[in-house]
1. Where in region B:418-434 does the amide nitrogen come within less than 19 Å of the point 7 Å from the Cα of B:THR343, taken along Cα to Cβ?
2. Using each residue's phi in region B:340-354, evaluate 6.51 cos²θ - 1.76 cosθ + 1.60 at θ = phi - 60° and report the 3J(HN,Hα) Karplus result to the nearest Hz, with x for Gly and Pro.
3. Quickly estimate the mean residue ellipticity at 222 nm for chain B, helices only: each DSSP H run with n ≥ 4 gives -39500 (n - 2.57), and the total goes over all residues, rounded to 500.
4. Counting only C-alpha contacts under 8 Å and six or more residues apart, can you give the relative contact order of chain B as a whole percent?
5. Provide the gained length on full extension for the span B:PHE23 to B:LYS120, in nm with one decimal, where the gain is 0.36 nm per separating residue minus the Cα-Cα distance.
6. Run the simple label-point estimate for B:SER75 and B:THR219 please: 7 Å along Cα→C-beta, distance reported in nm.
7. Checking the a/c ratio against 1.5 first, then a/b against b/c, what shape does the Cα gyration tensor give for chain A?
8. Testing the spin-label approximation: label points 7 Å from Cα along Cα→Cβ at A:SER77 and B:PHE194. State their distance in nm.
Amino acid sequence: MIGTLATGFGFWNPLMWIIVIVVAIFFSWLLWKLGETNYEGNIWQTAPYLSGNDEPEKEAIHIRAGNMYWGFTKALSVYYDHLIPLHSGIVSDYISWFLIGVVVLFMVVILV
Amino acid sequence: MNAELFFTNLPALLIAMPLFGAFLTPIFGRFLPKIRDAWVILISFATSVVAQLLAAQVYINGYVMYVFGAAPGTSAIPIDSGGIPLRILFNIDAFGAFMLVSTAIVSFAVILHLTISQQKRSSLSEFYALYLLLVAGIFGMVSTGDMFNFFVFLEINSISASALIAYHRNGALAAEGALKYLIVNTVGGLMILFAIGLLYSQYNSLNMAIISQNISLTTLNLLTLVLFIAGLATKAGIVPFHLTTPDAYSVAPSGVTTLMIVASQAGLYGMFRILFSVYGGVFTSVIVGWIVIILGVLSMFIGVTMAIPQKDIKRLLSYHAISQTGYMLLGVGVALAVLGDVTLIDSFGNMAMKGGLFHIINHAMYKGLLFLTVGAVIYRTGVWDLNKMGGLGHKMKWTMIFFLIGALAIAGIPPFNGFASKLMIYESTFAFNPIIAIIAMVVSILTLASFMKVFHSVFMGPELLEYASVREVPRRMLASMAILAMFVIAFGFVPDLVVDMLITPVAESLFNQGQYIHSILGGGL
């Protein structure tokens with residue numbers, strides 16, 4: 001069958017995958033069609049409840065990149081505190097790392 | 001033109017055409033500026049066609065050997081040379097042809113992008129000339145069978161890339177990035193030149209096949225190998241030799257960064273060529289394979305974890321480029337580690353090799369696409385900072401769709417091309433060492449997380465007032481993205497055809513060192 005990639009341990013066929021996804025979407029649509037038909041959008045009942053405060057302008061509540069994954073970097077702060085300074089932007093540091101890399105590789109190749 | 005003459009001299013045209021175009025571009029710019037852009041697009045297209053035709057010849061015949069300065073039919077080894085090829089040789093096997101295909105596609109897409117994105121800048125003639133020189137440098141690196149020629153093309157590659165990085169961004173950042181890239185790559189290039197000198201002093205030849213035939217695993221040759229690996233790892237942006245890569249990629253014009261992806265892959269090509277075609281017959285332990293694997297794991301993990309906290313969108317993509325290079329090293333490294341064991345090669349080494357190689361062309365397509373889409377965003381907004389972006393999907397729908405295709409592909413989401421090559425790498429690496437395969441999968445999850453952040457912060461959310469006047473980019477830029485997106489989708493939908501037709505001959509050519517030697521020493525034109 002066209003598209004079947006044998007990986008040596010199994011196979012992968014993107015066309016079959018797409019068929020499965022289309023069938024899943026179809027059944028999702030069927031479920032959705034079985035839902036309530038008298039739903040009304042854009043009325044006071046659908047507005048977010050913010051403890052009685054007015055909803056802010058959309059532009060003011062855009063979640064920007066800096067709001068994301070700060071917890072991840074915070075949790076790994078020990079790792080990042082060591083890793084980021086290595087990327088100092090100083091070219092002499094870069095050359096030093098290059099030379100260290102050469103020496104380490106040579107030692108490994110010779111000794112192991 | 002005589003068709004036979006044309007097809008016989010394709011390897012010469014591969015280099016002559018971009019060089020000819022590069023030197024004529026400033027003349028067009030001076031006397032006929034209105035048709036200069038059309039000229040550059042035409043010469044880039046013609047060069048890409050030549051590269052594709054040459055690649056087709058190689059895939060049909062197994063290899064193409066071209067002896068410069070000799071009449072057709074002349075042997076690669078002159079009678080009075082003592083069995084040593086003296087002339088400049090291009091020896092293009094399936095691996096070289098594979099790289100030609102990748103470079104040809106990306107370079108043509110890039111020039112469509114650059115001729116719009118850079119049109120309001122000054123000194124464009126020189127800019128395009130440097131672009132064509134960079135293309136010639138990449139083509140030369142992946143075609144030559146001569147160590148010193150390889151070094152010369154590597155230098156053309158590095159110097160033209162440095163000049164292009166510095167060309168078109170206001171302020172000192174671009175010049176600083178270019179200077180760092182030039183200095184570090186010059187040091188890497190010097191190491192490669194030193195390594196070539198060490199081999200030349202022992203074997204009296206610069207020809208890769210001659211050296212490969214005579215090489216032994218002495219301490220001196222191990223030092224030579226390490227110098228090659230370090231120098232080429234610098235070019236390819238492999239941890240811990242990657243430090244200048246994000247500094248340079250992030251400040252270059254986006255089209256240039258896209259071409260630098262394939263330029264860096266030419267460094268990876270050099271590393272694999274040295275490891276398999278030159279040293280492949282003398283490795284007696286798995287240590288070099290493990291070195292490549294460890295460099296791959298370090299690149300994957302450090303690349304992706306450094307990408308996550310970035311706020312400059314191009315710097316973030318640059319770290320992802322480093323991370324993806326790790327996958328290629330992982331696949332090929334596993335194959336290298338089991339090189340002497342036929343059972344393990346058949347069991348999973350062959351698949352690991354194919355996965356790593358498949359990832360090279362996949363990465364060129366989806367990472368090229370991502371850089372072009374980000375270039376389109378910067379072209380319209382003038383903003384690099386992710387924290388200042390948002391809501392652009394309302395105005396730049398096609399760019400958003402192309403970015404989404406690239407993002408899903410790099411994260412290894414089916415049915416795009418990145419999934420197919422990653423699956424091959426995961427499964428084969430799992431058979432070799434499950435822990436490494438798990439690390440590779442974790443890196444893929446982190447990549448997806450990182451691109452969710454980028455996609456949301458650039459394209460999602462409400463329309464922002466500061467981008468009220470933003471509109472979709474011109475059609476030519478969209479066409480450049482569409483070309484790469486088409487390959488991302490096509491390679492994902494028929495991975496079996498790509499692997500059978502493009503990748504398997506490459507894997508066979510790398511495993512079969514004797515075939516490479518025979519292609520030169522067995523005759524040639």
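1. B:428-434
2. Per residue, the Karplus-derived 3J(HN,Hα) values read x, 10, 4, 4, 6, 4, 5, 5, 8, x, 4, 5, 4, 4, 4 Hz.
3. On the way: 21 runs with 377 residues, N = 525.
Here the helix-only value at 222 nm equals -24500 deg cm²/dmol.
4. On the way: 939 pairs, mean separation 87.4, N = 525.
The normalised contact order for chain B reaches 17 percent.
5. On the way: separation 97, 0.36 × 97 = 34.92 nm, distance 2.19 nm.
Extra length available between B:PHE23 and B:LYS120 comes to 32.7 nm.
6. 4.0
7. Numbers: a/c = 4.48, a/b = 1.46, b/c = 3.07.
Oblate is the answer for chain A, as a/c is 1.5 or above yet b/c matches or exceeds a/b.
8. About 4.2 nm, to one decimal.
The values are calculated or read from the model by the stated rules, or taken from the named source; none is laboratory data. Remember, predicted model here, so these are calculated numbers, not experimental data. So basically every Cβ, Gly included, is an ideal-geometry build from the backbone, and we count neighbours across all protein chains shown. To get the accessible areas, we keep the full protein, side chains included, count just its heavy atoms, and leave off ligands, DNA and RNA. Shrake-Rupley method; radii C 1.70, N 1.55, O 1.52, S 1.80 Å.
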